[in-house]
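Before any comments, here is the structure.
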């Protein structure tokens, strides 16, 4: 009974925070105010959930630089943790179905988040144009290159979208490795398990200056290998 009441209280409090910061977000006058609102909301949620989050490599992320940011995808907790830890103003590319959710989809469009349509060439071209607009506002773009959550924690093959975007706009890739988020929120569930620690490793940026579309596969291989090795090393030291 007490456990059920506690879970309902946590859910209700989370919805109240979302509504409060959602309204503030809608009335933000510029991307900087939107960014502050997003980060304040997720910082509050991480504190509310009592997550144990440590971060390494902040010196590798320059808040004044625009990147294509990539990270492994482990759970629904990835996004809150990324906004809580990565000191770079950013917007995210998200599956287009999320933009159809009432109210939530409007928030995403209002904030300049980019819908991802798998296998649609015309939509991919439009996404590149949206990314250009975000870069022009001093923002970076985050994409989960695996495209879906890993069931085991082992890295899935990377899709090319993030790397084509980086090459097209000549923006360095900022690789992020997440460790432990899959334990905090289990696959298919919503309950938060704050007793599991989370580690965020910001790796050195991967330059793309001078690269062309024909270099995309080598760039993908380099990023996958670097991040996979960092993840395996991090899991060993947990």
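Laboratory data are not the source of any read-out in this text; all were calculated from the coordinates shown. Computed from a predicted model, the values in this text were never measured in an experiment.
The distance linking region 124-198 with region 22-54 is 18 Å (Cα centroid to Cα centroid, whole angstrom).
Per residue of the chain, the DSSP helices (runs of n ≥ 4 H) give a summed -39500 (n - 2.57) that works out to -14500 deg cm²/dmol at 222 nm. Size descriptors for the chain, from the alpha-carbon set: Rg then Dmax equal 17.6, 61 Å. Among beta bridges from DSSP that stay inside the chain, the antiparallel ones total about 25%.
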